[in-house]
Amino acid sequence: MSHLQQNIARQRLAVAVAAALAAVPALAQQGGMKVAQQAEMEELEVRAASLDRRGLALDSANGAGGRLGLSAMDTPASVEIVSKEAIALKGDFSGNAAVTRATGFASSASPGNGGSSTSVRGFNGHGSVVTTYDGTRLYVGSGTVNFPADTWTVERVEVLRGPGSVINGVGAIGATLNYVPKRPEFEPITTEFDVTGGSNDLRRFAVGSGGALGDSVAFRLDVVNHRSDGYVDRAEEDRTAVAGALLFRPTDDLDIRLSVDFADTEDAPYWGAPLVDGEVPGDIRRNNYNVADAIVAYQDLWPRLNLNWRINDNLELRSDTFYMDSERQWRNVESYDYNAASGEVDRSFYLEILHDQEQLGNRSDLLWRGSIAGMENRLSVGAEVNVINFSHLNNSPYAGGSSVDLDKPVPGRWADGVGSETTADFDTETTQGAVFVDNVLALSEQWQLVAGLRYDRIDYERDDRARSNGQAAGSIDSELSGSSWRLGAVYQPNDYTSLYAQASTAMDSIQSILSASNPDLDLAEGEQLELGIKQQFMDGRLQYTVALYDITKHDLVSADPGGVQRQIGEQSSRGVEFELFWLPLDTLSVDLNMAFTDPEYEEFVSGDSDYSGNTPRNVPERTANLWLTWQAMPAWTVSGGLRYVGERYLNDANSAELPDYTVWDATLQWQVNDQLRVSLRGKNLSDSEDYVLAPYGNQWILGDGRTAEVGLNYRF
């Protein structure tokens, strides 16, 4: 990024940090008072390290599943919550690490997609898995979503598996992920410090504070800096995230919350290792074949204004106004091919790309609680509008090349191999608008009917810039529109059982909405049928869910019998998912989830190849997560588990595949006293060489090997 941009970012960060430091004296004084009070006690009371008994959180509301405030038991869909306690226990510092603990999710992260791409229910990537932050949709610019930067600012991650277009619009056929930030509360001020150090020179410092500043104002401030040299050579990462919020409650019926998030990220410039005879040799796992001055950098600013007005006992107005500014830069050599004849790695694609993305929008709705013909009813009616400007610069056609030794690569510098100047490529302006209706009707004490309808319209303009590579100036515009709906029923024969069925539809974009180059491609459409059961027994000590689904996605680009490319293709996915929480003893808990899916191209022709009947690339058919927690002694907790991802095909021809992998993690926690907790974590304890996050051309992006870290958490 330019020096001016970097200076502005530093100034923003300095202001945020100064605000945090300004609060320290008062907080320290309060903390000192608490310490003094404790010193007067005759003995120190040590708090036991208790187990998290919420389990699957079946009685908790889930915002990813809708706007009606329904609990998981009342929602006719597969919803899940990843809590901040679970994130902290396992040391999942990135959003991708946290969400791939959820049922059916597998990572397909690479620097090119922001390190956040996942697959679920047979569909892969940001075009099929929607990300929202604080309920705000993050529109995908050229396949990239890089926010939130760190899980320290997150209270929980809400998950909806299956189509979510009726809630968030285009691009939600596989799942929806809603990151809920920590928010101000009218409670006594508390402060939390968290320090972590570990393998690969990990240095992580975080502070969070929040509470009431008076009867009508509350605040929340969270700051984290995360640095590491990386498991791979020259894969340093350095990110700082700041999240602040003020809550103003002038009356009991009105909440006004101003929130600002800022993140400055220098991510690991690592694009994988080349394949030798179809695999990555173990002795080159820690090699980095990128240039020495490679760049993967993101800067994000997210101010938001939220208004919640309880007009009367039955009517509530909710309005969110938001602005996003995201700047990204990549400057790398990204393609590595092993040359058996020379024994070297041939590098190509000396590539530089810059994004400048701005999003301004508002989402508002009225929530009505009342009755219809004596039956309880909850209705949400609203509208949403977004204006997104996106600028794309690059050095296409990405000329240049070099060769380095396989075992001991000498990186060189980017300018040594580049052949093209970085200039403006295209600018786009996208205007999105939607209207939506959600409703839940209690037909009886046992039956509920949930329905939703949404209509989206997207107007898109793209201006291509004249370039020295031969690209002529020009412009295109297109209009996309479509509707989605869901209809579900929940039957609860008793207080601990929910049986549900749901039919829903979704819309997906064949190409990235903010960078589309073909105005003739329409939205793809999909539909899902899902049946499930959710139960909890023994006062919540045993909880489980089972879901069966069948999804079909139409209008994929495929060739007709004459070889003409048309939107006539079709992809399907059928599967079953299982979640379990079990507390067999007061000191032992078991968390388990498994997913089995059968994805298939029903009709898909590309060029001279017919892939109909094949499995889509980079989609596992089996995933599982297991985590056991044992409170060995009142102040000591031992926990550990695994994540398993099955084989994934590397191409649509299904001629090559990624290996399956199992990663083992463990944590030992000591609750020293009410304020201090010490954690020892080990990750990928088996040091699995098959731990592959994603393919990238003829190379594999590998997950980290065995690491260890120690964390200290202090609250007052």
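Backbone phi angles across segment 489-505, fed through the Karplus curve with coefficients 6.51, -1.76 and 1.60 (θ = phi - 60°), yield HN-Hα couplings of 10, 10, 10, 10, x, 8, 6, 10, 9, 10, 10, 9, 9, 8, 10, 8, 10 Hz in residue order; Gly and Pro are listed as x. Per residue, the average separation of C-alpha pairs within less than 8 Å and at least 6 apart gives segment 409-495 a relative contact order of 29 percent. With the simple model of a label 7 Å out from the Cα in the direction of the Cβ, Asp463 to Leu531 spans 5.6 nm. From least to most packed, judged by other beta carbons within 10 angstrom and beginning with the fewest, Lys408, Lys182, Lys534 follow the order Lys408, Lys182, Lys534.
Of all alpha-carbon pairs in the chain, indicate the percentage at a distance above 52 angstrom. Percentage above 52 Å: 9. Sorting 636-646, 88-98 by their mean Cβ neighbour count within 10 Å, with the most densely packed peptide first, gives 88-98, 636-646. Shown is the FRET efficiency for Asp233 and Ala373, computed with R0 = 60 Å from the Cβ-Cβ distance and rounded to the nearest 0.05: 0.30.
Report the paramagnetic label zone for Lys408: residues of segment 261-280 whose backbone N is under 20 Å from a point 7 Å from Cα along the Cα-to-Cβ axis. 274, by backbone N distance to the label point. Relative contact order, whole percent, for the chain stands at 13, derived from Cα pairs under 8 Å and 6 or more residues apart.
Rounding to the nearest 20 debye, state how big the charge dipole of the chain is about its Cα centre with +1 on each Lys and Arg Cβ and -1 on each Asp and Glu Cβ.
The calculated dipole for the chain is roughly 1520 debye.
Compute the distance from the alpha-carbon center of segment 649-716 to that of segment 450-524, in whole Å. First find each Cα centre; the distance between them is then 33 Å.
Note: segment 648-716, Cα convex hull, 108 Å³ per residue. At full extension, Asp550 and Phe596 could sit 15.4 nm farther apart than now, given 0.36 nm per residue minus the alpha carbon distance. What the pair-distance distribution of segment 212-371 shows, using all Cα-Cα distances binned every 10 Å from zero, is 9, 24, 22, 17, 13, 10, 4, 1 percent.
Can you order the peptides 606-619, 378-391 by their average number of other Cβ atoms within 10 Å per residue, highest first? Each step should come with its number before you reach the end.
On the way: 606-619: 16.1, 378-391: 17.9.
In decreasing order of mean packing, 606-619, 378-391 become 378-391, 606-619.
Protection proxy ranking, highest mean first, for peptides 515-525, 590-600: 590-600, 515-525, where packing is the per-residue count of other beta-carbon atoms within 10 Å, averaged.
Legend: calculated FRET efficiency, Leu453 to Ser686, from the Cβ-Cβ distance at R0 = 56 Å, rounded to 0.05, equals 0.70. When we measure straight from the Cα of Lys182, which lysines land under 30 angstrom away, once same-chain ones fewer than 8 places off are left out? Output for Lys182: Lys34, Lys84, Lys90, Lys534, Lys683. Once you reduce segment 283-311 and segment 172-221 to the center of their Cα atoms, the two points are 18 Å from each other. Below 15 angstrom from the Cβ of Phe186, what's the summed charge of the other residues (Lys, Arg +1; Asp, Glu -1)? It works out to a net charge of -1. Database remark: amide H of Asn614 closer than 5 angstrom to the amide H of Tyr601 (H placed geometrically; neighbours at sequence offset of 5 or more, or on other chains; Pro and chain starts carry no H). Between Leu366 and Phe248, the FRET efficiency estimated from the beta carbon spacing at R0 = 30 angstrom works out to 0.90. Compare the Cα positions of Val619, Ala263, Pro659 along the charge dipole of the chain (+1 at Cβ of Lys, Arg; -1 at Cβ of Asp, Glu; about the Cα centre) and return the one farthest towards the positive end. With unit charges placed on the Cβ atoms, the residue in question is Ala263.
Amide hydrogen proximity for Ser78: with H placed 1.01 Å from N in the peptide plane, the residues at 5 or more positions away or on another chain lying under 5 Å are Arg161.
Read-outs throughout are calculated quantities, based only on the coordinates presented, and are distinct from any laboratory measurement. Values in this document were obtained by computation on a predicted structure and should not be read as measured data. Neighbour counts run over all protein chains shown; Cβ positions are idealised from the backbone, glycine included.
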